[in-house]
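Working notes, structure below.
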Amino acid sequence: MSMLDISAAAHVPTAPSGLSLPAPETLQQLGQRFTWGVATAAFQIEGANQTDGRGESIWDRFCATPGKVRNGDDGSQACDHYRRWPQDVALMRQLGIDAYRFSIAWPRVQALGHGAWNDKGIAFYDRLIDALLDAGIQPHATLYHWDLPQALQDEGGWLSRVTVQRFAEYAERMGRLFGDRMHSLATHNEPWCTAVLGHETGQFAPGWRDQVAAVQVSHNLLLSHGLALQALRAAGVKCPLGIVLNQSSRSAAKPKDQPAADLAYAKFVRRFMDPLLLGRYPQLDGFVQPTALEGDMALIRQPLDFLGINYYTRLWVSQDGLPPPAELGRTDMGWEIYPDGLRELLVGLQREYPLPPIYIMENGMANADQVVDGQVQDLERVDYLRRHLQALAEAKAEGVDIRGYFAWSLMDNFEWDSGYAKRFGLVHVDYATQQRTPKASFDWYRRTAQATRQGAANA
Ligand code: FCB
């Protein structure tokens, strides 16, 4: 048992008021300069999807297609953040975080994904960024969190190199407008989801089921990242530039499953890490190579100022269909809770790649939260966050350069094909009234961040 191990019983608070909070000094390894944040994404919170000249996105179209999203939910209202953002910034201030990661909705700032820029949409992000800075919160933006302008989809979407070019133009424009106020700009969020869930399994917009297309989309997303980074740097944008990948450690149920686990890891993690950091695709049986034109690999391998990693669970591989042990249970998404996978993943990456500084840009759990007497006792989430932060502290102690952590999510929101049925927030949202109620995890996160800062300062 390492010194960072914790026992759930000793640390889980019993009530939101008068919480017996876990001893935060165990997180001192994260350091005084560690960035504590929360994350959201435009389509999941903004609503107002036909307001002030916003164009249609592929997620609007997907939601409007019967059978694609649970309960027929859509993003037309979401958390109404487009109007309620001052209240949400006030909540973040109350939470005492250092940083906020949000995404810019491309169709809000450029309805068709090319041509005219939408001043009203741009003004929304402009005000948000200024309000964050006034509140002492660093803005971190992601340029693409899955809401492609439908007009670009109609011309081939990510399978077309025209979209790659358009994305670089959009990125450059955002960089010129906001770059001097941003603490980081990421090109893509989780390109694996765009490629595989969007184009291979059809679970996400645009809902294609075409394995060959998915491989090429994956490559084109990387190309668009490289071209965007080039354009941003050529435009003199100085804030840290990077990309956000969803990643997992891999576990083979039995020794005979190891090759399959390695292949699963290659398709999930190495598929992006190898081209970005080594300039090539993995070479192993079963890994399908995309068509790469001359110059593509060099373009993809632009220097990264940071790498964002989203971690939720591990990859579990069993050819006999054995389920993972799930000793710590599963979240409301059905995902196994496996905090040590975060440490294992990071330490493995450190061995395998010349890593830039790392930010955990998302981590959190869906939980069947309920408001009881005006309070939400999401003790499962407190335990989840605590264990993952502990795993992160261990990875840092093992030498990984981890600069920050963003909890997913500030508030409950539109969880893609699950609609509003899954709650990931530190703040509960009643969608009928838009009432926001901070949960026990909100309080725990605030106090843990504060105590860790102080503890690290006094250490
Ligand atoms: C990630 C997404 C994020 C959110 C979480 C639960 O894959 O980036 O938008 O839906 O999962």
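The values are calculated or read from the model by the stated rules, or taken from the named source; none is laboratory data. All values reported here derive from a predicted model rather than from experimental measurement. Heads up, the Cβs are rebuilt from the backbone with ideal geometry, glycines too, and the neighbour counts pull from every protein chain shown.
With the stretch 331-447 as the region, which strands (runs of 3 or more DSSP E) entirely inside it contain at least 2 residues that are over 18 Å from the mean Cα position of the chain (by Cα)? Spell out how you get there, then give the answer.
On the way: elements: 358-362, 402-408, 427-430, 435-438.
In the stretch 331-447, 427-430, 435-438 are the strands (runs of 3 or more DSSP E) which contain 2 or more residues that are over 18 Å from the mean Cα position of the chain (by Cα).
The set of residues in the stretch 99-115 that are surrounded by fewer than 21 Cβ atoms within 10 Å (Cβ to Cβ) and in contact (Cβ under 8 Å) with a residue 12 or more places away in the chain comprises Leu112, His114.
Which of the residues that make up the stretch 313-338 are more than 20 Å from Ser218 (Cβ to Cβ) and within 16 Å of the ligand (Cβ to nearest atom)? Before you say what the answer is, go through the steps one by one.
Within the stretch 313-338, the first condition is being more than 20 Å from Ser218 (Cβ to Cβ), and the residues that meet it are 313-314, 316-338.
Scanning the stretch 313-338 gives Thr313, Arg314, Arg330, Thr331, Asp332, Met333, Gly334, Trp335, Glu336, Ile337, Tyr338.
For the residues Gln211, Gln165, Gln138, Gln203, the requirement of being within 20 Å of the chain's Cα centre (by Cα) and surrounded by fewer than 18 Cβ atoms within 10 Å (Cβ to Cβ) singles out Gln203.
Where strands (runs of 3 or more DSSP E) sit wholly within the stretch 171-261, those with at least 2 residues that are within 16 Å of the ligand (Cβ to nearest atom) and in contact (Cβ under 8 Å) with a residue 12 or more places away in the chain occupy 184-189, 241-246. Screening the candidates Tyr281, Tyr312 for the property of being without any contact (Cβ under 8 Å) to a residue 60 or more places away in the chain and crowded, with 18+ Cβ neighbours inside 10 Å yields one hit, Tyr281. A single entry from Gly53, Gly75, Gly37 fulfils the requirement of being within 16 Å of the ligand (Cβ to nearest atom), in a loop (DSSP other than H, G, I, E, B) and modelled with pLDDT of 95 or more: Gly75.
Quick test for you: out of Ala407, Ala397, Ala440, pick the one residue that is hydrophobic (A, V, I, L, M, F, W, C) and surrounded by fewer than 24 Cβ atoms within 10 Å (Cβ to Cβ). Let's see the steps before the verdict.
Details: Ala407 fails: surrounded by fewer than 24 Cβ atoms within 10 Å (Cβ to Cβ); Ala440 fails: surrounded by fewer than 24 Cβ atoms within 10 Å (Cβ to Cβ).
Going through Ala407, Ala397, Ala440 in turn, just one is hydrophobic (A, V, I, L, M, F, W, C) and surrounded by fewer than 24 Cβ atoms within 10 Å (Cβ to Cβ): Ala397.
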